[in-house]
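The values are calculated or read from the model by the stated rules, or taken from the named source; none is laboratory data. This structure is a prediction, so every number in the text was calculated from the model and none was measured. Heads up, the Cβs are rebuilt from the backbone with ideal geometry, glycines too, and the neighbour counts pull from every protein chain shown. With ligands, DNA and RNA removed, areas are computed over all heavy atoms of the protein, side chains included. Shrake-Rupley method; radii C 1.70, N 1.55, O 1.52, S 1.80 Å.
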Amino acid sequence: MATTGKEEFVAEDLLESAVEFTNSRKFRNAIADFIDAHVHKFYSTAESKNSDSSELPHEYNQLFTEYQQLVDTLFETLAQEKGFTTQALYRCFRDAADNKFTALFEENEYKWFVDKVMSWMDFYEFLNMMHAAAHDRRKTAHK
């Protein structure tokens with residue numbers, strides 16, 4: 001189903017707000033606080049070259065669920081501030097991923113952002129983020 005010009009404008013405005021929000025101090029600090037609170041749990045596996053999930057501590061799955069809930073709560077806050085539901089915001093992300101706001105033969109200007117949002121919902125991206133933070137902390141501690 002095609003979007004109307006008004007729907008497209010509202011969706012693009014909401015996408016722009018989401019981009020700004022994820023670059024805000026509030027969003028970044030919430031993610032950083034989560035990392036700070038849990039990074040020590042990843043020290044033991046940070047240097048491992050094996051990312052086989054069957055050999056990872058089960059606690060990582062629980063932490064990933066907490067992380068997803070944090071991201072959802074942050075987006076819920078944004079949606080409420082803008083007068084939308086979280087479902088409308090996520091539908092907007094999905095529509096952007098499906099190029100619904102991009103004219104034929106034009107570049108999707110929100111693809112990078114939708115890819116970033118999707119990475120926040122991916123276990124292995126989460127694991128890479130936590131391992132990178134653990135590696136950085138260890139390197140800093142040894143200086």
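Numbers below:
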read-out: Condition met for residue 3 (under 22 Å from the mean Cα position of the chain (by Cα), of a type in the set (S, T, N, Q) and either surrounded by 11 or more Cβ atoms within 10 Å (Cβ to Cβ) or modelled with pLDDT of 75 or more (or both)); value: no
read-out: Matching residues in the range 56-99 - criterion: being open to solvent by 70 Å² or more (accessible area, probe 1.4 Å) and of a type in the set (Asp, Glu); value: 59, 66, 76, 81, 98
